[in-house]
Amino acid sequence: MSKGKNQHVTKHQNGWQVIGAGNSKATAVTKTQAEANEIAKQIATNQQSEVLIHGRDGKIRDKNSYGNDPETIKG
């Protein structure tokens with residue numbers, strides 16, 4: 001299965017949005033960042049991609065990978 005688009009959780013004028021990398025329109029708009037994060041997590045799990053969570057300032061503050069991690073990690 002090929003890797004899908006990374007999902008970004010960013011501030012929106014009506015709350016928070018989930019938007020796929022390279023997309024111009026939001027997949028979903030929610031009132032809270034937590035709601036947007038849950039939607040992004042579901043999409044990323046289905047697409048085996050990453051969720052990048054942006055703070056109010058627009059900077060990435062966290063990211064999680066769903067299904068695209070290496071099988072073995074040394075160290």
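The values are calculated or read from the model by the stated rules, or taken from the named source; none is laboratory data. Here the structure is a predicted model, which means the values were calculated and not measured. No Cβ is skipped: glycine too gets one built from the backbone with ideal geometry, and neighbour counts run over all protein chains shown.
Quick rundown of the values:
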{"item": "Some residue of the stretch 33-41 being in a helix (DSSP H, G or I), among the polar types (S, T, N, Q) and either surrounded by fewer than 11 Cβ atoms within 10 Å (Cβ to Cβ) or at pLDDT 95 or above (or both)", "result": "yes"}
{"item": "Hits in the stretch 30-42 (condition: in contact (Cβ under 8 Å) with a residue 12 or more places away in the chain and either hydrophobic (A, V, I, L, M, F, W, C) or over 11 Å from Gln7 (Cα atoms) (or both))", "result": "Thr30, Lys31, Thr32, Gln33, Glu35, Ala36, Ile39, Ala40"}
{"item": "Conditions (1) at pLDDT 95 or above; (2) surrounded by fewer than 16 Cβ atoms within 10 Å (Cβ to Cβ): number failed by Val51", "result": "(2)"}
{"item": "Test: Ala26 is among the small types (Gly, Ala, Ser) and either in contact with a Phe, Trp or Tyr (Cβ under 6 Å, 6 or more places away or on another chain) or more than 14 Å from Lys3 (Cβ to Cβ) (or both)", "result": "yes"}
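For every residue, the table says whether it meets (1) closer than 11 Å to Lys5 by Cα; (2) more than 12 Å from the chain's Cα centre (by Cα); (3) in contact (Cβ under 8 Å) with a residue 40 or more places away in the chain; (4) assigned to a loop (DSSP other than H, G, I, E, B).
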site	(1), (2), (3), (4)
Gln17	no, no, no, no
Gly22	yes, yes, no, yes
Ala44	yes, no, yes, no
Arg56	no, yes, yes, yes
